[in-house]
Each structure stands twice: as C-alpha cells, then as structure tokens.
Amino acid sequence: MMTATTVPAKHRRKKRQDIVFPIVNTIILCVLMFVTLYPVINTVAYSFNDGTDALRGNIGLWPRVFSTKSYVSILQDSAVYEAAWISASKTVIITLLNIFWTGMLAFALSRREYVLRRFITVVMVLTMYINAGLIPNYLLITRTLHLGKTYWVYIIPTMFSCFNMIVIRTYIGGLPDALVESARIDGAGDIRVYWQIIFPLCMPVMATVALFVAVGSWNSWFDTYLYCGGQKHLHSLQYLLKMKLATTQASANAAKTSADALKSSTMTTPITIRCAITVISTVPILVVYPFLQKYFVTGMALGSVKG
C-alpha cells in the first residue's frame, strides 16, 4: 500500500522532470537557431561593411564600418534590372510549366489501368542514370533544336523533371482509389478527375516541387554561360552577378600593383561584393517562401478533410 510520504516524492520528481525538460529543450533549440542564423547574419553584416575594413576580418553580427557602397556598385548598373526580369520571368514560367506537365504525367502513370505505365516509367528513370554528357547536350540544344541564343533555351529543356514526376506519382499513389472511382461513377473524365480531385489533394507535394523548381531556376547561371553568354539582353541575374564578382576580383588583383587603383577601390572589395550578391540573390526566394508555406498548410488541411 502506498504511504502518504511516497506520493509527494513521486510528484516532486515528476514536477522536476516537467520543468527541466522544457528548459533543456529550449536551450538546445536556441543554440541550433543561433548556429543556423549566424552565417546568414554575418553575411549581411559583411555586405553592409566598408570594403577595406572588411579585409581585416573579425566582423560579427553587425557591420564595423557601415557602408552601402557594395549595393550601390551592383544596383547602379541598369543591366541588373533587365537581368532580374529575365530571371524572374523564366522562373515563373518554368515553375508553372513544370507543375503542369509533370503533374499530369504523374497522374497518368499512377493509374493501374494504364498498360504502358511501367514501361514509360522505366524509360524515364533510365534518363536519370544515363546521360550522354555536356557536349552532346549542347549540340542537341544549339544545332538540332536551334534554341541557342534564344529565350526558349531557358524554358523548353527544363519544363519537365523526371525526379519531380516520381515524387508526385508516389504521393498520388497514396491517395484513396475510392476518390477516383466515385468520380468516374458520377461521369467525370480523367482531366476532370485530375484537376478537381487529385490536384487539390496534391497541393503539399506540388508546393514542395514548385519550391525546388523555382530555387533551381532562380539560381541557375550555367545555362546562360553556355547558350546566351554573348546575348546581353538574355543574361540572367545570377550570371550577371557572377560576372560582376569576377570583374571586382580582377580589379582587386590589379589594385595590388597600383596605389591609385587601391585608393579608388577602398570602398568595395570582393568579399563585400560577394556577400552583397548573396543577399540580393537570396531575398526573392525568402519573399516567395511564405506564400508557398501557406499552400503547404492549406493543402494538408484540404487533404485531411477530403480523404
């Protein structure tokens, strides 16, 4: 039989555990948050610091000598805004087309009644492992498809992704078959079933795939380097910023042998330009992400109700 003295002791131990665990958990999460945010804040601090002073290093969470010369040096070029429009437009178009084509094909290949679904899936998966290489791909796009030095070189080769198709198809395969069967009993065709039933339920995976595609398209610069390097009106923002960084680095190397050049470049250096470029490139994705986060929550709630 439990005595009167043992009950309070157990309650005290349980109370101590209830207090200690939240404290330890909060401390660990705060440390992880600081470790995650410190490189980001440090990069922002370097970008707003004077270039010559930044060469000394040891800048923490706040600029030692505040300066916006790095941003002025980048944003005063009118070509940056044209390149930003190219990057933004192709990112939006690629994301929408990728979701459209990839989602519809994923739905078709998820249907068990489709006879060729296994064969087509295997053929597409093989393209992920077998690649002819850079040179054949370059010849295909420039000489066969004649997409080089055109805006469509950004769109057509990237408007479908086999990996994203597999991800979406796997998600669709987890949905109840009764949804499709009941819709077909009511007379709905495949297109209506997909857009009115499957697509709303796939909003979480669609938002995830859209984020992957958008980030990849926004950060891409090598396609511009390969196919549109000589076309200034087709330069993407990432490519232009990379060239800006290379120019700044070359100027810094030349400044080592010239006192006048060193004097003229005291306000911007490669390290501050690099950090400013990182901030400029990251801000659009940070702005877009909260909107996609809303679709994550909406899609999951809709899936729980419909399912």
Selection from the stretch 46-90 of residues that are without any contact (Cβ under 8 Å) to a residue 60 or more places away in the chain, assigned to a helix (DSSP H, G or I) and buried (at least 18 other Cβ atoms within 10 Å of the Cβ) = D53
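Here are some residues: T247, T224, T298. Which one is of a type outside the set (A, V, I, L, M, F, W, C), at pLDDT 85 or above and assigned to a helix (DSSP H, G or I)? Explain how you work it out, then say what you get.
Working: T247 fails: at pLDDT 85 or above; T298 fails: at pLDDT 85 or above.
It is T224.
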Of everything in the stretch 277-291 that's under 15 Å from V213 (Cα atoms) and aliphatic (A, V, I, L, M), which residue is surrounded by the fewest Cβ atoms within 10 Å (Cβ to Cβ)?
-> L286
Residue, modelled with the lowest pLDDT, within the stretch 146-169, restricted to residues that are surrounded by 14 or more Cβ atoms within 10 Å (Cβ to Cβ) and either among the basic types (K, R) or over 21 Å from V213 (Cβ atoms) (or both) | G148
Residues in the stretch 73-90 that are farther than 18 Å from Y154 by Cβ and either touching a Phe, Trp or Tyr at 6+ places or on another chain (Cβ under 9 Å) or of a type in the set (G, A, S) (or both): how many?
-> 3
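The values are calculated or read from the model by the stated rules, or taken from the named source; none is laboratory data. Computed from a predicted structure; not experimentally measured. Because the Cβ atoms are built from the backbone with ideal geometry, glycine has one as well, and the counts that use them run over all protein chains shown.
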